[in-house]
Number of protein chains: 2
Amino acid sequence: MKHDRIFNFNAGPAVLPLPVLEEIQESFLNFKGSGMSITEISHRSKWFDDVINEAVERTKRLLNLDDRYHVLFMQGGASLQFALMPMNFLGDNQSADYVNTGTWSSKAIKEAEIQKKKIQVVASSEDRNFSYIPGNISFNRDAVYVHITSNNTIKGTQWAAFPETSGVPILVDMSSDFMCRPIDMKNVGLIYAGAQKNIGPAGVCLVIVRKDLLERVPKNLPTMLKYTTYSEKNSMYNTPPCFGVYTIQLVLKWLEETVGGLNKMKEINDRKAKLLYDFFDSGDFYKGTAEPGSRSLMNVTFRLPSEELEKKFIAEATANKLGGLKGHRSVGGCRASIYNATPAEAVPALIDFMKTFEKKNG
Amino acid sequence: MKHDRIFNFNAGPAVLPLPVLEEIQESFLNFKGSGMSITEISHRSKWFDDVINEAVERTKRLLNLDDRYHVLFMQGGASLQFALMPMNFLGDNQSADYVNTGTWSSKAIKEAEIQKKKIQVVASSEDRNFSYIPGNISFNRDAVYVHITSNNTIKGTQWAAFPETSGVPILVDMSSDFMCRPIDMKNVGLIYAGAQKNIGPAGVCLVIVRKDLLERVPKNLPTMLKYTTYSEKNSMYNTPPCFGVYTIQLVLKWLEETVGGLNKMKEINDRKAKLLYDFFDSGDFYKGTAEPGSRSLMNVTFRLPSEELEKKFIAEATANKLGGLKGHRSVGGCRASIYNATPAEAVPALIDFMKTFEKKNG
């Protein structure tokens with residue numbers, strides 16, 4: 001493969017579009033004729049203003065956001081957002097609804113509880129080992145917000161669509177499926193996405209927040225923990241993670257101009273995922289772990305007949321330049337993460353290898 | 001200049017060592033034969049373990065740290081540290097001492113006050129516009145900690161040495177002079193440094209913390225706001241800012257192996273700064289704003305006879321490939337930031353330009 005690269009199925013940090021990496025590399029010692037690296041220019045310069053503004057504008061265009069939304073670049077990953085949501089939005093004697101679909105949802109719930117905020121877990125898929133997305137949920141009409149994890153990287157499940165909440169704002173962790181397809185923003189109050197899965201390097205968290213929610217932010221929070229600090233200063237109250245924002249800007253440009261937008265991206269992602277799931281369903285050596293109606297387009301989790309075979313499978317795949325197929329350390333098994341930047345040819349290459357491996361070991 | 005680069009006097013994000021940038025560029029599409037970019041490899045991989053462990057070890061060696069200290073990589077910049085120090089270390093009915101030497105110290109004080117923590121400003125240089133570092137300070141013997149800003153990027157002042165605190169731990173913001181010279185760790189409890197001035201790109205904050213202070217961390221803080229979350233997991237409770245940590249690792253390698261350690265670095269920095277200050281003192285067209293005993297090795301702030309001349313000076317310097325000489329927007333004037341990575345030849349080039357400019361406009 002070009003530059004002797006592998007097919008990278010890592011769950012995150014994960015594969016980035018090759019043209020984006022090539023552009024970063026090419027301009028790394030001299031950004032836009034500035035005579036400086038992107039890592040060396042001032043965040044108060046015209047050069048960086050153009051970068052961050054373009055990243056914001058492309059996010060708005062790709063998702064069809066209207067003026068009710070701010071696009072922010074924050075630090076601390078999704079894990080910090082777990083704490084900031086209740087801290088910023090949930091007052092005394094108010095309550096929020098949470099849906100528990102696995103590790104990341106559980107962590108979000110835990111961070112609300114640490115702060116002794118009142119929350120209610122209105123649905124959970126723990127009864128079947130988080131292998132599905134709960135349906136027909138009754139949300140509380142007086143909840144300040146509903147929290148869901150859009151895609152569950154570890155368990156390989158994904159909401160087909162956001163739930164109907166009768167107008168209660170939905171706060172969504174989209175770290176692992178942000179920009180994988182168009183979304184319905186109707187009830188969305190906030191989206192957050194750690195960049196390192198689908199849109200950039202680790203160290204930036206893209207946040208989309210609806211302006212009416214910002215009125216809930218208490219004035220006496222530490223400055224860096226208030227969403228308003230970021231919304232009022234275009235994410236530049238202090239020095240932002242410039243290199244990460246720059247990479248995101250290039251990935252979004254690639255999404256708009258090379259891929260052709262989120263409808264096209266969805267077609268490509270549907271096709272890649274279908275190849276793998278159809279292959280599982282056609283035999284019984286590889287078994288998908290997510291229930292069919294809840295399967296993720298991004299993280300395809302599966303098991304082999306034994307842990308010994310799984311170990312062998314991962315080792316031989318790695319030797320064949322198919323990297324990152326090990327399941328999350330908390331659940332074991334195998335996982336092929338097929339994000340936006342996973343090249344179309346990576347999936348057939350993986351399936352070919354899987355067929356050969358099955359023939360030898362099945 | 002090589003790659004058509006300029007002399008970059010930005011205050012931060014700032015110049016990085018050219019060999020470091022070249023190495024990043026060269027390996028950007030395939031890190032250490034992994035077939036992936038450093039931005040695409042898992043933080044749970046052997047590759048990244050080696051990166052972060054090397055960054056920790058080099059920090060310890062360069063500063064002669066003993067086993068009482070943890071080295072952490074956090075996010076949110078120095079601005080988040082302002083809030084975390086009182087949150088983690090200052091209990092009810094306890095008090096901390098702060099020294100106010102300018103904007104960044106003031107912000108640290110403000111973040112303690114927002115949390116209604118008890119603090120005392122034991123010294124300030126506000127009386128002479130923060131142009132000096134206060135001496136002979138009486139610290140409170142029962143203070144939990146003393147907070148100082150080691151180098152004041154905006155006002156161009158720097159502590160010549162840390163103050164004597166009779167054993168009270170000193171917490172130091174070293175964002176703009178970290179690793180510029182050896183330091184005496186005798187009373188140091190914590191050091192924090194936003195990377196983007198002397199050791200890397202924006203988006204990582206390197207923190208050194210003495211283990212006994214960690215016993216003060218309350219158990220019920222949000223996970224991402226506790227220093228113990230980072231110290232217990234080698235900074236990898238969640239995905240760290242991998243690219244930033246990698247760049248820091250390379251800068252520290254350059255400091256150890258190319259420069260030859262912090263004593264050598266100090267010699268070089270002393271020489272660069274002396275050239276500029278001696279030049280100011282030899283005439284009266286350019287006037288340094290910091291008082292002689294408090295002058296910074298890193299940020300050399302100065303004024304010209306008029307704001308009009310300053311504007312002209314900055315514009316002509318920029319046209320002559322001497323970039324980033326504008327003073328901070330809050331104070332105006334001029335500033336030459338001469339960090340570790342500023343090449344030795346940059347300072348004579350600047351002085352030559354200054355002489356020519358003075359001849360034409362003096």
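The values are calculated or read from the model by the stated rules, or taken from the named source; none is laboratory data. Small disclaimer: the values here were computed from a predicted structure and weren't measured. Ideal geometry is used to build each Cβ from the backbone, glycine not excepted, and the neighbour counts take in all protein chains shown. These area figures cover heavy atoms from the full protein model, side chains too; ligands, DNA and RNA do not enter into them. Shrake-Rupley method; radii C 1.70, N 1.55, O 1.52, S 1.80 Å.
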**Study point:** Cβ pairs under 7 Å, 6+ apart, first in the range A:69-81 and closer than 11 Å to A:Ala108 by Cβ, second of a type outside the set (A, V, I, L, M, F, W, C) and in a strand (DSSP E or B)
**Key:** A:Ala78/A:Asp173; A:Ala78/A:Tyr192; A:Ala78/A:Gly194; A:Gln81/A:Tyr192
Review point. Of everything in the range A:99-153 that's among the acidic types (Asp, Glu) and open to solvent by 10 Å² or more (accessible area, probe 1.4 Å), which residue is farthest from A:Ala290 (Cα to Cα)?
Key: A:Asp142
Review point. Across the range A:80-94, which residue is nearest to the chain's Cα centre (by Cα) among those that are open to solvent by 10 Å² or more (accessible area, probe 1.4 Å) and within 22 Å of A:Ile208 (Cα to Cα)?
Key: A:Leu80
Exercise for review: Could you give me the residue pairs with C-beta distances under 6 Å whose first residue belongs to the range B:283-303 and is touching a residue at least 12 places away in the same chain (Cβ under 8 Å), whose second residue is of a type in the set (A, V, I, L, M) wherever it lies, and which are 6+ apart or on separate chains?
Suggested key: B:Ser294/B:Ile133; B:Leu297/B:Ala273; B:Val300/B:Leu276; B:Val300/B:Ala336
Review point. Restricting the range A:19-51 to residues that are at the interface with chain B (Cβ under 9 Å from one of its Cβ atoms) and in contact (Cβ under 8 Å) with a residue 40 or more places away in the chain, which is nearest to the chain's Cα centre (by Cα)?
Key: A:Ile24
Check your understanding: Considering B:Arg61, B:Arg44, which residue is farther than 27 Å from B:Glu111 by Cβ and in contact with an Asp or Glu (Cβ under 9 Å, 6 or more places away or on another chain)?
Key -> B:Arg61
**Study point:** Output for the range A:194-214, where each listed residue is of a type in the set (Lys, Arg) and either part of a strand (DSSP E or B) or away from every other protein chain (no Cβ under 12 Å) (or both)
**Key:** A:Arg210, A:Lys211
Revision key, fill the gap. Taking first residues from the range B:240-253 that are at negative phi and within 11 Å of chain A (Cβ to nearest Cβ) and second residues anywhere that are assigned to a helix (DSSP H, G or I) and not β-branched (Val, Ile, Thr), the pairs with Cβ under 7 Å that are 6 or more apart or on different chains are B:Cys242/B:Phe48; B:Phe243/A:Phe243; B:Val245/B:Ala55
**Study point:** Unmet requirement for A:Gly244, which otherwise passes all of (1) assigned to a helix (DSSP H, G or I); (2) open to solvent by 10 Å² or more (accessible area, probe 1.4 Å)
**Key:** (2)
Review point. Could you say which residue among B:Tyr246, B:Tyr286, B:Tyr339 is touching a strand residue (DSSP E or B) at 6+ places or on another chain (Cβ under 6 Å), modelled with pLDDT of 95 or more and of a type in the set (Phe, Trp, Tyr)?
Key: B:Tyr286
Check your understanding: Is it the case that the range B:336-352 has a residue that's of a type outside the set (Gly, Ala, Ser), within 19 Å of A:Lys46 (Cβ to Cβ) and under 25 Å from the mean Cα position of the chain (by Cα)?
Key -> no
Review point. Do we find a residue being touching a Gly at 6+ places or on another chain (Cβ under 8 Å) and either in the same structural domain as B:Tyr227 (by TED's automatic domain parsing) or not in a helix (DSSP H, G or I) (or both) anywhere in the range B:91-114?
Key: no
Practice item. Report whether or not B:Asn234 is in contact (Cβ under 8 Å) with a residue 60 or more places away in the chain, open to solvent by 50 Å² or more (accessible area, probe 1.4 Å), closer than 27 Å to B:Leu190 by Cβ and part of a loop (DSSP other than H, G, I, E, B). Key: yes
Practice item. Spot the failing condition for B:Met179; the list is (1) more than 20 Å from B:Lys107 (Cα to Cα); (2) in contact with a strand residue (DSSP E or B) (Cβ under 7 Å, 6 or more places away or on another chain); (3) open to solvent by less than 10 Å² (accessible area, probe 1.4 Å), and only one is missed. Key: (2)
Review point. Any chance the range A:258-278 includes a residue that's outside the structural domain of A:Arg181 (by TED's automatic domain parsing), free of Cβ contacts under 8 Å to residues at least 60 places away in the same chain and in contact with a strand residue (DSSP E or B) (Cβ under 9 Å, 6 or more places away or on another chain)?
Key: yes
Check your understanding: Would you say A:Thr342 is surrounded by 15 or more Cβ atoms within 10 Å (Cβ to Cβ) and part of a strand (DSSP E or B)?
Key -> no
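To keep it simple, each residue is scored yes or no on (1) in contact with a helix residue (DSSP H, G or I) (Cβ under 7 Å, 6 or more places away or on another chain); (2) assigned to a loop (DSSP other than H, G, I, E, B).
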position: A:Ala143; (1), (2): no, yes
position: A:Phe178; (1), (2): no, yes
position: A:Ile183; (1), (2): no, yes
position: A:Tyr192; (1), (2): yes, no
position: A:Arg216; (1), (2): yes, yes
Exercise for review: Name the residue, out of B:Ala202, B:Ala160, that is open to solvent by less than 20 Å² (accessible area, probe 1.4 Å) and more than 10 Å from the chain's Cα centre (by Cα).
Suggested key: B:Ala202
Study note, to complete from the structure: By residue number, the members of the range B:288-301 that are touching an Asp or Glu at 6+ places or on another chain (Cβ under 9 Å), open to solvent by less than 10 Å² (accessible area, probe 1.4 Å) and part of a strand (DSSP E or B) are B:Asn299
Revision key, fill the gap. With criteria (1) touching a residue at least 40 places away in the same chain (Cβ under 8 Å); (2) in a helix (DSSP H, G or I), A:Leu65 comes up short on (2)
